[in-house]
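Working notes, structure below.
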Amino acid sequence: MRRLCPRLGPRPLLWAARGPRRPSSGAAPGMEELLRRSVPPLPPYETKEKAVPPAELRGAEFVRFYRSLQPGPPRAELLTRLARDFGVEHGRVAEAAAKVLQAREQRREPGALLQAEDRLRYYLNPQYRGLFQQLGRLEGGLRFLVELRADLMEGLASKAVDGPHVKEMNGVLKNMLSEWFCTGFLNLERVTWQSPCEVLQKISDSEAVHPVRNWVDMKRRVGAYRRCYFFSHCAIPGEPLIVLHVALTSDISSNIQAIVKEVPPLETEDTEKITTAIFYSISLTQQGLQGVELGTHLIKRVVRELQKELPQIKAFSTLSPIPGFTKWLVGLLSSQAKEQGRNELFTESEWQEISEITGDSSIETLKKLLNTNEWVRSEKLAGVLHSPLMRLCAWYLYGEKHRGYALNPVANFHLQNGSVLWRINWMGDTSPRGIGASCGMMVNYRYFLEETASNSALYLGSKQVRASEQVLALVSQFQQNSKL
């Protein structure tokens, strides 16, 4: 979207190029000495309360040094050395663990065992945790740590940095950020057309689900019958961390184009027409906060806010994308063709109709049509695929699992929150992106507020998915007509 106000461009990538890259063999000048000065040593357990806190200047020096490094091997080298050379002191951990076992075997008094366990917990802290704590206290330090974790995750994804020590450091930093970004430190802010230009630009840039086309589109999304909220942190005021877009409607929406289409914004709302809140987009703006639970809390806070503003709203639902469905389906077609030499996802009559329309009975032709979105150009082919794709999509959301939970990440998120898998919508997203990702289908996850706690406990504890009659009927059709 064209910028209407000056602001910094996107944060430069840490890594100059994607793809595997090994850290350079030689550290940047002064890197080793800087790390020794910056990373506070873990004092002995007996003197931990008396240890002198590290000087703020050391943390500020680390920030300046890190930002002075060029993207690529120098930064990869620093992160690798930090994770590898300043982690847990394994000798002390072994010694403390032995004392715990000794206290248990000797059946010493509870106080002695608890102290031994406390000592062990203390020595399980990596040394770089002290550096992160020090940086978190600096002005602007929390923002720097979020950026550092984004760099770290990007490096892990591209293999620029790798190994168990780096992965462990990433997990430690994620857990620390989870504590610092708990709900008590977060502020809920509503975005309107009168919000600062910089905020509107950031909201636009961060929209990952349904890209903002232009400023007319942006004005519509924060105007009448729409709400936009974000969380900010007290240490980073005014900076959107995660954004939720809401449509205020009279029924549960089944098509995203009806929500985000470009039309002149309405100036006033008729609140009597509003009975339903549709959460149609939630986007994390800070990649360094991936894995930090913000989305669940944002939805709950927005529900409470809407109940105060518009108490007549009785239905809360999402209109959600189904990323990965087309890829899953094409993968199934490929594996079945390879292993069985035939397709068993469609009935014989369905496959015969598909073959007659495409002029080819090979699975490869259908795969090509699905991969290129060409199938939607044929009204007849789309009509034949309607029923089988709906039941396959229902099974994908309801029955396909990863470690017992929903394979689809969006489904897993909303089911963890206690929603109901409520309705699958044919041609819910007719954009090229929607057709490519999910054959044009979208799904509503319905939030029945009085049942969310029990639904969440059922899903997390017993891995059971609450679903509507429509979804269960489609799942039953899948079980009768398709085989995996």
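The values are calculated or read from the model by the stated rules, or taken from the named source; none is laboratory data. The structure displayed is predicted, hence computed values, not measured ones. Here the Cβ positions follow ideal geometry from the backbone for every residue, glycine too, while neighbour counts run over all protein chains shown. All accessible areas refer to the heavy atoms of the entire protein, side chains included, with ligands and DNA or RNA removed. Shrake-Rupley method; radii C 1.70, N 1.55, O 1.52, S 1.80 Å.
Quick notes on this structure:
- Entry remark, region 358-391: residues being over 27 Å from Ser476 (Cβ atoms), hydrophobic (A, V, I, L, M, F, W, C) and over 34 Å from the mean Cα position of the chain (by Cα) number 0 in total.
- Whichever residue in region 44-66 is assigned to a helix (DSSP H, G or I) and free of Cβ contacts under 8 Å to residues at least 60 places away in the same chain and, among such residues, is most open to solvent (accessible area, probe 1.4 Å): Lys50
- Restricting attention to region 423-467, the residues that are assigned to a loop (DSSP other than H, G, I, E, B) and either under 26 Å from Val376 (Cβ atoms) or at pLDDT below 95 (or both) add up to 9.
- Region 333-388, residues that are among the β-branched types (Val, Ile, Thr) and in contact (Cβ under 8 Å) with a residue 40 or more places away in the chain: Thr347, Val376
Conditions (1) among the hydroxyl-bearing types (Ser, Thr, Tyr); (2) open to solvent by 40 Å² or more (accessible area, probe 1.4 Å), marked per residue:
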{"site": "Val212", "(1), (2)": "no, no"}
{"site": "Trp215", "(1), (2)": "no, no"}
{"site": "Pro237", "(1), (2)": "no, yes"}
{"site": "Leu248", "(1), (2)": "no, no"}
{"site": "Ser254", "(1), (2)": "yes, yes"}
{"site": "Ile274", "(1), (2)": "no, no"}
{"site": "Ile278", "(1), (2)": "no, no"}
{"site": "Ile282", "(1), (2)": "no, yes"}
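- Unmet requirement for Ser25, which otherwise passes all of (1) modelled with pLDDT under 90; (2) hydroxyl-bearing (Ser, Thr, Tyr); (3) part of a helix (DSSP H, G or I): (3)
- Any hit, region 170-183, residues being among the acidic types (Asp, Glu) and within 23 Å of the chain's Cα centre (by Cα): yes
- Looking only at region 471-484, and only at residues there that are assigned to a helix (DSSP H, G or I) and surrounded by fewer than 16 Cβ atoms within 10 Å (Cβ to Cβ), the one that is nearest to the chain's Cα centre (by Cα): Leu472
- Counting only residues that are open to solvent by 20 Å² or more (accessible area, probe 1.4 Å) and in a loop (DSSP other than H, G, I, E, B), region 184-208 holds 6 of them.
- Index of the failed condition, Ala160 passing every other in (1) of a type in the set (Gly, Ala, Ser); (2) surrounded by 16 or more Cβ atoms within 10 Å (Cβ to Cβ); (3) part of a helix (DSSP H, G or I): (3)
- With respect to the conditions (1) open to solvent by less than 60 Å² (accessible area, probe 1.4 Å); (2) among the polar types (S, T, N, Q); (3) assigned to a helix (DSSP H, G or I), Asn175 falls short on a single one, namely (1).
- Sole residue being touching a residue at least 40 places away in the same chain (Cβ under 8 Å) and open to solvent by 70 Å² or more (accessible area, probe 1.4 Å), chosen from Pro110, Pro71, Pro41: Pro41
- Qualifying position, being open to solvent by 60 Å² or more (accessible area, probe 1.4 Å) and farther than 24 Å from Met442 by Cα, among Ser362, Ser349: Ser349
- Test result for Trp351, modelled with pLDDT under 95 and either under 30 Å from Val246 (Cα atoms) or of a type in the set (A, V, I, L, M, F, W, C) (or both): yes
- When region 439-470 is limited to residues that are open to solvent by less than 70 Å² (accessible area, probe 1.4 Å) and charged (D, E, K, R), the one that is farthest from Glu339 (Cα to Cα) turns out to be Glu451.
- Considering region 209-328, the qualifying helices (runs of 4 or more DSSP H), each wholly inside and each with 1 or more residues that are modelled with pLDDT of 95 or more and among the acidic types (Asp, Glu), run over 295-309.
- Test for Arg36: is it in contact (Cβ under 8 Å) with a residue 24 or more places away in the chain, in a helix (DSSP H, G or I) and open to solvent by 50 Å² or more (accessible area, probe 1.4 Å): no
- Tabulated pairs, region 443-464, first free of Cβ contacts under 8 Å to residues at least 12 places away in the same chain, second open to solvent by less than 70 Å² (accessible area, probe 1.4 Å) and among the basic types (Lys, Arg), C-beta under 6 angstrom, 6+ apart or interchain: none
- Within region 329-346, restricting attention to residues that are of a type outside the set (A, V, I, L, M, F, W, C) and in a loop (DSSP other than H, G, I, E, B), the residue that is farthest from Asn255 (Cα to Cα) is Gly341.
- Of all residues in region 74-103, those satisfying the criterion of being farther than 24 Å from Leu135 by Cβ, among the small types (Gly, Ala, Ser) and either in a loop (DSSP other than H, G, I, E, B) or open to solvent by less than 50 Å² (accessible area, probe 1.4 Å) (or both) are Ala96, Ala97, Ala103.
- Boolean, Tyr398 is surrounded by 17 or more Cβ atoms within 10 Å (Cβ to Cβ) and at pLDDT 95 or above: yes
- Test: residue in region 347-366 that is on the phi > 0 side of the Ramachandran plot and not hydrophobic (A, V, I, L, M, F, W, C): yes
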